[in-house]
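Here's the structure, in C-alpha cells; my notes come after.
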Amino acid sequence: MSTVEQKLLDFTEKIIPWLLSHGIKILAIIIIAYIINKIIYKIIDRAVRIAVVSDRYSSREAELKREETLISIFTTTVKIALIVIVSLMVLKEMGLDIAPLLAGAGIVGLALGFGGQYLIRDIISGLFIILENQYRVGDVIRIDSTGGMVENISLRMTTLRDNAGVVHHIPHGDIKRVSNLSKDFSRINLDISVSYNVDIDKVIAVINKVGAELALDPEWKDRIITPPQFIRLDSFADSALILKINCDVQPLKQWEVSGEMRKRLKYAFDKEGIEIPFPQLVVHGISK
C-alpha cells in the first residue's frame, strides 16, 4: 500500500466516526435552527398583524407597509440571534473551545454597551414609534421646536424637511414630544375679524353659507370632512370682533382649504357689505 493510500485510509477512519457523531449533531443543529426560524417567523407574522390595529383614516397600503416593517425588524433580530447561537454550537461540536470566545464577546459587549447605549436608546425608541404608529412617512409633524414633513423613518432616526427645504435628521432617543399635524384628519381654526357695527347674525349666516357651498363644491368636497362653520364669538379686539370658524378636513389639506375659505369669505363680505376692519390710529392735535 502506497503512502497516499495509507493517508487516505487513515483520514477515512477518522472522518467517518466524526461524521457519524459530531457531523450528525451539526446537521441536526442546523435543521432544528431552520425549523425554529420558520416557526418564529409565522408567530411574529401573525402576532404583528393582530397587534397592528387599522383605522378608518389609514389606507390598507399604509397598514401593510407598517406591518411589513415591524415583521422585518423582529424576524431579522431573531435570525441574527439564531445565527450566533448556532455558530457557537457548531464550533463546539468541531472541537473548538468557545469559552475564550464567550469571554471575549463579553468584553466586547461591555465596551459596546458603554459606547452604544445611545444607539440602543435610539433603536428602542424608533421601534415604539413604528409599533405605536405615532407618525408615518408623509405626515407633517413637529418635534419640539422643529417642524416639517416626514421624509424617512429608520430605526435610529427620523428625517424631516421643513418649509424652507432644510432637512433635519433627529435621533429617536432625543425626541421628547411629537405633535402630529396630519394624523387621521386635520382641523382648521380660522379667526375672522369683522367691524363692531355689523349685524352679527347676518355675518354668521354668510359664514355658514360660504362654508356649506365650499363643502359641496365638486373640486373641494373630497378634501372636506365637515363643512366650515361659525363656532363662536371668540373675543372683543381693539378694533374688531373676532369670530372663530372650524372644520375638519383630510390630512394635509388644512392649508389649501383654509386659503380657499378666506378667499370666498372676502368675496362674500364685499358683496354683503360686511366690513373687515383694520387698525386705525387717531391723532389728536393740541391747540395753542
Check: In the list 188, 170, 141, 204, which residue meets the criterion of being part of a strand (DSSP E or B) and either of a type in the set (Asp, Glu) or closer than 30 Å to residue 272 by Cβ (or both)?
Finding: 188
Check: Restricting to the range 223-274, what's the tally of residues that are in a loop (DSSP other than H, G, I, E, B) and either aliphatic (A, V, I, L, M) or within 37 Å of the chain's Cα centre (by Cα) (or both)?
Finding: 11
Checklist line | Failed item, numbered, when residue 149 is tested on (1) at pLDDT 80 or above; (2) part of a helix (DSSP H, G or I); (3) aliphatic (A, V, I, L, M); (4) not assigned by TED's automatic domain parsing to the domain that holds residue 29 | finding: (2)
Checklist line | Filter result for residue 150 (under 23 Å from residue 222 (Cα atoms) and in contact with a Ser or Thr (Cβ under 8 Å, 6 or more places away or on another chain)) | finding: no
Next item on the list: Answer yes if at least one residue in the range 180-203 is in contact with a strand residue (DSSP E or B) (Cβ under 9 Å, 6 or more places away or on another chain), among the β-branched types (Val, Ile, Thr) and more than 30 Å from residue 265 (Cβ to Cβ), and no otherwise.
Entry: no
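Here is a yes/no grid of residues against (1) of a type in the set (D, E, K, R); (2) modelled with pLDDT under 90; (3) surrounded by 14 or more Cβ atoms within 10 Å (Cβ to Cβ):
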{"position": "204", "(1), (2), (3)": "no, no, yes"}
{"position": "208", "(1), (2), (3)": "no, no, yes"}
{"position": "216", "(1), (2), (3)": "no, no, no"}
{"position": "229", "(1), (2), (3)": "no, no, yes"}
{"position": "238", "(1), (2), (3)": "yes, yes, no"}
{"position": "252", "(1), (2), (3)": "no, yes, yes"}
{"position": "258", "(1), (2), (3)": "no, no, yes"}
Next item on the list: Could you tell me which of the residues 234, 222 is at pLDDT below 90 and farther than 30 Å from residue 144 by Cα?
Entry: 222
Next item on the list: Sort out which residues of the range 140-153 are in contact (Cβ under 8 Å) with a residue 24 or more places away in the chain, surrounded by fewer than 19 Cβ atoms within 10 Å (Cβ to Cβ) and closer than 14 Å to residue 252 by Cα, and write them in order of number.
Entry: 142, 147
Margin query: I'm trying to understand the selection: among the residues of the range 196-245, which are hydroxyl-bearing (Ser, Thr, Tyr) and over 20 Å from residue 263 (Cβ atoms)?
Written below: 196, 235, 239
Item checked: Residue, nearest to residue 135 (Cα to Cα), within the range 184-205, restricted to residues that are in contact with a Phe, Trp or Tyr (Cβ under 7 Å, 6 or more places away or on another chain) and either acidic (Asp, Glu) or in contact (Cβ under 8 Å) with a residue 60 or more places away in the chain (or both) -> 184
Item checked: Residue list for the range 179-194, restricted to those being of a type in the set (Ser, Thr, Tyr) and surrounded by 14 or more Cβ atoms within 10 Å (Cβ to Cβ) -> 182, 186, 193
Item checked: Test: residue 126 is at pLDDT 80 or above, surrounded by 15 or more Cβ atoms within 10 Å (Cβ to Cβ), in contact with a Leu (Cβ under 7 Å, 6 or more places away or on another chain) and part of a helix (DSSP H, G or I) -> yes
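The values are calculated or read from the model by the stated rules, or taken from the named source; none is laboratory data. Just so we're clear, the structure is a prediction, and the values are computed from it rather than from any experiment. Note that we place each Cβ from the backbone using ideal geometry, even for glycine, and neighbour counts take in every protein chain shown.
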